[in-house]
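For reference, the structure discussed in these notes is given below.
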Amino acid sequence: MKSYTQYLWFETKNRQEFINITSQVQEAVKKSQVKEGLCLVNAMHITSSVFINDDEAGLHMDFSSWLEELAPYGRDKYLHNSSGEDNGDAHLKRTIMGREVVIAVTAGKLDFGPWEEIFYGEFDGQRKKRVLIKIIGE
């Protein structure tokens with residue numbers, strides 16, 4: 001069995017962003033030379049997320065609006081922020097959107113359903129963060 005590890009690094013301009021990382025993950029699968037296996041992609045920070053969905057601008061705006069309704073930004077809204085932090089909302093948003101995805105690798109490619117793409121979701125940006133890609137298989 002083969003194993004391959006790669007990291008992606010992000011430093012977003014905005015506090016909250018969604019970045020399509022599908023091509024970067026597919027390139028890692030190609031480098032791994034795994035033809036049949038699994039690809040794990042996970043955010044290595046507790047205020048960011050990796051998820052699969054459609055790459056459609058309106059949907060991304062809907063995600064942002066929905067998340068802000070569920071966990072609005074605010075220094076005085078969360079007990080977590082009483083320790084000098086201001087990102088209590090970002091921890092909750094990450095929990096809602098998820099930590100990681102696992103995608104089947106078939107014939108050396110990510111095996112997606114229609115319209116599926118991989119996204120990095122940032123909820124407390126403007127600082128350097130990483131995503132792990134781990135591919136295993138034959």
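Each reported figure results from applying straightforward, stated rules to the coordinates on display, with no laboratory input. Predicted model only: the values in this text are computed from it and were never measured. We place every Cβ from the backbone using ideal geometry, glycine too, and count neighbours over all the protein chains shown.
Points worth noting:
- Pick from the stretch 90-138, criterion of a type in the set (D, E, K, R) and touching a Leu at 6+ places or on another chain (Cβ under 8 Å), ranking: nearest to residue 50 (Cα to Cα): 100
- From the list 57, 28, the one residue that fits, being more than 15 Å from residue 126 (Cα to Cα), of a type in the set (A, V, I, L, M, F, W, C) and out of contact with any strand residue (DSSP E or B) (no Cβ under 7 Å at 6 or more places or on another chain), is 57.
- Of the residues 48, 83, the single one that is polar (S, T, N, Q) and over 15 Å from residue 119 (Cβ atoms) is 83.
- Test: residue 5 is in contact with a helix residue (DSSP H, G or I) (Cβ under 6 Å, 6 or more places away or on another chain) and not small (Gly, Ala, Ser): no
- Residues in the stretch 17-37 that are under 11 Å from residue 105 (Cβ atoms), among the basic types (Lys, Arg) and part of a helix (DSSP H, G or I): 30 alone.
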